[in-house]
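Enquirer: Below is the structure I would like to discuss, written out as structure tokens.
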Amino acid sequence: MIDLPETTNVYRRMPKELFYKYLNDDSTLKKTFIDGIRSIIWINTISSETTNSPKGKHVTEIAIVEIILNRQAISANILEIVNREIDQYAVFIVRYEEWGQIWCCDHQLINPETGLFNCQNYYQTNWMIADELTLKIDGGNLDQVYENFFMQIAGKPFPVRVDRNRKQTDEIIKKVEQAGQNEQLESLKALEALIKSLERQMEKEMQFDKQVKLATDLKNAQEEIKKIKRSMSTHIEIHQPEIVVAQEETAETVRSFFPNVYMKMQDRTGNPFEYSLL
């Protein structure tokens with residue numbers, strides 16, 4: 001049985017209409033969302049204010065959301081739509097009649113300045129009698145609490161958080177600085193700042209046409225960064241061709257490298273013919 005502290009109780013119903021804005025014109029997904037889900041209820045919030053667990057480096061709150069289904073099936077796409085509206089780390093308790101599952105995902109931070117993160121993969125328990133589902137708060141801070149939730153649900157440790165984009169960019173900047181490519185470095189930094197600004201605007205923008213414009217600008221900036229990185233990588237690794245001094249063309253040279261050719265270059269008396277390797 002899932003028994004969380006009463007201090008974490010929320011029990012706020014979330015109307016399905018809240019999520020329609022994320023469906024856009026995908027009629028199939030919208031039909032699946034409308035027909036497959038009976039109700040969505042935010043039942044708990046685990047935070048430093050509602051528990052004794054302090055904030056972590058990555059996790060400041062964990063939402064516990066209950067989804068009641070009309071049939072015994074749900075896709076990760078549906079959970080992703082709900083997660084967008086919640087916009088924080090979440091654990092989903094999915095119920096159908098007397099059956100239940102618990103779902104979570106391996107959130108990875110993609111922008112440390114804005115706190116923007118995304119979900120790489122979703123994991124879930126097996127279907128079981130809903131009253132037999134268990135979830136225990138354990139950990140010194142909310143990072144550890146969520147990681148322990150992940151372990152209880154997925155049955156394996158939470159993946160190591162790696163900012164791959166930042167690591168790659170740092171390595172390239174280091175090489176560029178060593179190569180003295182200051183102009184390209186400044187362009188790269190300016191584009192990165194632009195991308196961060198566009199990401200912040202996209203998070204707040206509600207109008208569809210403006211979202212499209214921001215998405216286009218973001219894609220163009222990302223493509224420009226790729227071009228600069230390719231250019232910098234090309235200029236950094238320059239190999240000078242090896243200069244080979246041609247050996248003097250003599251009979252001994254021919255004899256040492258091409259003995260069979262040398263034999264054919266002699267007449268019957270052993271005198272060499274006039275020859276040239278060119």
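Enquirer: Taking Asp87, is it in the same structural domain as Asn141 (by TED's automatic domain parsing) and farther than 21 Å from Asn121 by Cα?
Expert: Considered against the rule, which asks whether it is in the same structural domain as Asn141 (by TED's automatic domain parsing) and farther than 21 Å from Asn121 by Cα, Asp87 comes out as no.
Enquirer: Has the range 13-32 got at least one residue that is more than 28 Å from the chain's Cα centre (by Cα) and in a strand (DSSP E or B)?
Expert: Checking the range 13-32: at least one residue is more than 28 Å from the chain's Cα centre (by Cα) and in a strand (DSSP E or B).
Enquirer: Further, regarding this structure: Name the one entry in Asp143, Asp138, Asp131 that is modelled with pLDDT of 90 or more, among the charged types (D, E, K, R) and buried (at least 17 other Cβ atoms within 10 Å of the Cβ).
Expert: Asp143
Enquirer: A further question follows. Can you tell me which residue is modelled with the highest pLDDT among those in the range 98-126 that are exposed (fewer than 13 other Cβ atoms within 10 Å of the Cβ) and within 18 Å of Gly155 (Cα to Cα)?
Expert: Result: Asn126.
Enquirer: Still on this model: Hey, Thr50 hits all of (1) modelled with pLDDT under 95; (2) assigned to a loop (DSSP other than H, G, I, E, B); (3) of a type in the set (S, T, N, Q) but one; which does it fall short on?
Expert: Going through (1) modelled with pLDDT under 95; (2) assigned to a loop (DSSP other than H, G, I, E, B); (3) of a type in the set (S, T, N, Q) one by one, Thr50 breaks only (1).
Enquirer: From the list Val94, Val59, which residue is surrounded by 14 or more Cβ atoms within 10 Å (Cβ to Cβ), β-branched (Val, Ile, Thr) and part of a strand (DSSP E or B)?
Expert: Criteria check complete, one pass: Val94.
The values are calculated or read from the model by the stated rules, or taken from the named source; none is laboratory data. All figures in this text were calculated on a predicted structure; none of them were measured in a lab. Neighbour counts are summed over all protein chains in view; Cβ atoms, including those assigned to glycine, are modelled from backbone coordinates with ideal geometry.
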